[in-house]
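Here is the structure we will look at, set down as structure tokens.
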């Protein structure tokens, strides 16, 4: 079956320039497919850049993966499925406007989706996902329109059915992907495998199966084997059932169901491969295009079989999630990429046309060093699946990048060929030279890895003080490879036994389903880098000569028990080391002679916004800020403030809070003002993601909000807290109204974060009002004599007691945790009068609050002066919980 023969004769002649009135611009097949090939190549460059960039920033792997899946593969499927449908259905339509609109929407959607994820902008991400889905729906509808009224053949209807069904799977994949990114880490484990199954097996896999039905015999220039079309028609529903079973097994955390689906899918693909084999017996596949397709199908089958075995052995979702990252790249890079390269290598010369001689010339160009390219790229791809040292991985990536760039060069050269080959010339390399090209391909990989190993610097683990002994020869040491997973503040396994003198290479995978970012760091400084959930990296610990520890360096994770013990056989386990890695004298201290160099936090209670629904955007950022005179610390903050913004509302108001994590680790938020299930809104989200937290204020008070990601004490001490003030009904207005949030701090070194090892174990280094020690000494709060002043006070903690007192003043009103304990000098009674026209004689000297408790006090300063407000636990006042209310004459 020859694809060209199915085109209307007039159209073939027009596109080849043999008749007058040939289509110009994008209406020309030649121009259209050249431009679409350029588009695919540009996305391939983005995918390549993202893949290489993972070495410095692990989350760039997401960009590379989706640039390959959405940018490269999806564009190719949309363009070429349209071409095959028109050819097989003998449609005379040449309109490009619908295709241009579809491709424009698709690529704008891909850019918006990636930009939204990268920038943490939820609406942009939603628009991008919607555009991608709508573009593919439009593509499927367009295929139906272009086929309506055409001279339909049984083969054409079968191929069209594959394209329509695979388009439906893309819609499923898009919806699942949007739900994963919008809902954050809580749905990652449930939806990830269904998302991959629908996208790779449903969308790409069914498109490939449908296309190869007619493309493979065309590549071989032979006829389709009898019964191939009928077999493809019968296996289509079975393929869909297998995709569904694979996804449902992942959603239900039942590995055996996914394994059955994968084995079933492999069996159905085997029907297609059997037809390909039968055609190959008639005419051998000698071109680079055909052999590239064979390699791609081999990657598909091999990956599916391995995945099925691993899924069958997975006892829970966590084990299943460790399998998934290893499958996506083999399927996209080994299977999809080689299918696209093979298809373009055959189709572009045919589409560009110009007569048989020029087509043969272009085929010869696309076949240049074909077998060497196939051997080198596939050997490099297989090498990347092994736990290689960083230099070898870089060499393998370099070989793959060189192959991609060489292919781009051949595509460009194909469009400029001028001299036709005579009919007797074979455009492929002579069979006797193929073994030499195989050796050349393997030699390129070996040479690249040898050069990388020779020029790469020794690892930190190989230097004195690292994991290796000084002067030891790392290259000659025996190698022990160990795989470790990190989740729930634990490494599994958390103990590794190593023979002395062994070089240890640890492959670490973040399998945390709660959205936490982790790493693995050794005392030598060698680190995996931050790993988002699902990511894997390799850590070369060097030659191990003594027992030691490795740990997760994300703030607080080591203190929570995320430690990996490396024990030399026969030696004792490493003794507990200082988790902070510093001596007690390394942390910053308050300097009584230092001066405040920043402005004070405005303590005035902000007014209640208009309306009853309040939209709030909180962005998590990390910044080194001054927290006391002469002391600078790394703070994690909401909206660049520590504490975060004060929210103010009334009973019945609704707060719609969008939290965006622009930090370097997982974060979350917990609003004490909302009485809702914490499962979804209080979940931890990884960097770059957002969530929406909605609650209605049903009870009055000053309510704490804070990061609830473990360890909570550390995140709170690092500044991740704030307050929501909900006025009690009938609360009278006062002359001045202030908010004071007290918190404690255990300083790390200058410019570092809180000392997690000392937090809660020893007395805090500083106790602060509104995030800065002593700030209201230099910048007093103000009032006038005779003014009624209300102090809203909250003990944010994380640990210590607050006994709020104003020196020289007495409180005539005290409201604590939802009720008045003293109201205008009276003890509370049903006859109490909030207007205080007839104040009683009762008074209060302190408001005592435990961690997370709050309330307000009111006072009237009768005469001008400087009234200190303090924590009456004076050791805390002397550490920063001290300020001044400056009262001037009325």
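The values are calculated or read from the model by the stated rules, or taken from the named source; none is laboratory data. Bear in mind that the values here come from a model prediction, so they are computed numbers and not experimental data. Methodologically, a virtual Cβ is constructed for each residue, glycine included, from the backbone with ideal geometry; neighbour enumeration extends over all protein chains shown.
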Query raised in the report: For the range 368-396, which residues satisfy the criterion of being farther than 21 Å from residue 48 by Cβ and modelled with pLDDT under 80?
Result: 387, 389
Requested in this report: Considering only the range 88-119, state which residues are at pLDDT below 80 and crowded, with 21+ Cβ neighbours inside 10 Å.
Outcome: 88, 89, 91, 116, 117
Query raised in the report: Among 536, 507, 521, 492, which is without any contact (Cβ under 8 Å) to a residue 12 or more places away in the chain and touching a strand residue (DSSP E or B) at 6+ places or on another chain (Cβ under 7 Å)?
Result: 492
**Report entry** Sole residue being buried (at least 21 other Cβ atoms within 10 Å of the Cβ), touching a residue at least 24 places away in the same chain (Cβ under 8 Å), within 14 Å of residue 155 (Cα to Cα) and within 37 Å of the chain's Cα centre (by Cα), chosen from 239, 215
**Finding:** 215
Query raised in the report: Just for the range 777-794: of the residues that are in contact with a strand residue (DSSP E or B) (Cβ under 8 Å, 6 or more places away or on another chain) and closer than 26 Å to residue 591 by Cβ, which one is surrounded by the most Cβ atoms within 10 Å (Cβ to Cβ)?
Result: 781
Query raised in the report: Taking strands (runs of 3 or more DSSP E) that fall entirely within the range 686-776, which contain at least 2 residues that are in contact with a helix residue (DSSP H, G or I) (Cβ under 8 Å, 6 or more places away or on another chain) and either buried (at least 22 other Cβ atoms within 10 Å of the Cβ) or at pLDDT 90 or above (or both)?
Result: 690-696, 736-745, 766-769
Report task. Could you grab me the full set of residues in the range 455-498 that are at pLDDT 85 or above and farther than 30 Å from residue 192 by Cβ? Result -> 480, 497, 498
